[in-house]
Amino acid sequence: MSSVIDQAVQARLIATAPRSQVIAASLRYDRADPFAVRLVFPPAASLDGAEVAWTFGRDLLEEGLLGPAGSGDVQIWPYDADAVVVEFHAVGGMAVVQFDTQELRSFLARSYQIVAKGEETRHLDVEADLVALLREA
């Protein structure tokens, strides 16, 4: 079984002017970083034409499927039975994006096949992370 999941998803960028637009995005989960989910938007989705990537907790994504979650740069909540809203905050502004609930649930289920919920610490390589941190110091 692969230790990485890359799943294409449809995202609806919510905007007031001129109107909302559907964009392709990619969700990524890697056993090497078992607590994190990475969401990547293509260059066309950004104001400066550069790819945009956000990394946040897998548990935040799960909590956001059930009710409002997050209090920092990433906040997630159910919009209705079929959609979930993710709000991103950065120094340069904010973005509100809507996803299909079932796509996110499918992604989470696949990630739990790689690393079961509650088993994340068993997949951390603390020694390698410490060596890399000391190298950077």
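The values are calculated or read from the model by the stated rules, or taken from the named source; none is laboratory data. All figures in this text were calculated on a predicted structure; none of them were measured in a lab. In this analysis, Cβ positions are derived from the backbone assuming ideal geometry, glycine residues included, and neighbour counts consider all displayed protein chains. The protein model used for the area step is the full one, side chains on, heavy atoms only, and it has no ligands, DNA or RNA in it. Shrake-Rupley method; radii C 1.70, N 1.55, O 1.52, S 1.80 Å.
Between helix 101-114 and the chain there is an angle of about 10 degrees, using the helix long axis and the longest principal axis of the Cα atoms. Site pair V131 and S71 shows an inter-label distance of 3.8 nm when each label is modelled 7 Å from Cα along Cα→Cβ.
Charge tally around Y112: other residues with Cβ under 12 Å, Lys/Arg +1 each, Asp/Glu -1 each, net +1. Taking all protein chains together and a 1.4 Å probe, the residues I5, I14 rank I14, I5 from largest to smallest accessible area. In this structure D80 has an accessible area near 80 Å², from a 1.4 Å probe over the protein heavy atoms. For the stretch 58-137, a/c is not less than 1.5, where a ≥ b ≥ c are the root eigenvalues of the C-alpha gyration tensor, and a/b does not top b/c. That puts it in the oblate class.
Phi angles of the stretch 83-93 translate, via the Karplus equation with coefficients 6.51, -1.76, 1.60 and θ = phi - 60°, into HN-Hα couplings of 9, 10, 9, 10, 10, 10, 10, 9, 4, x, x Hz per residue; Gly and Pro are given as x.
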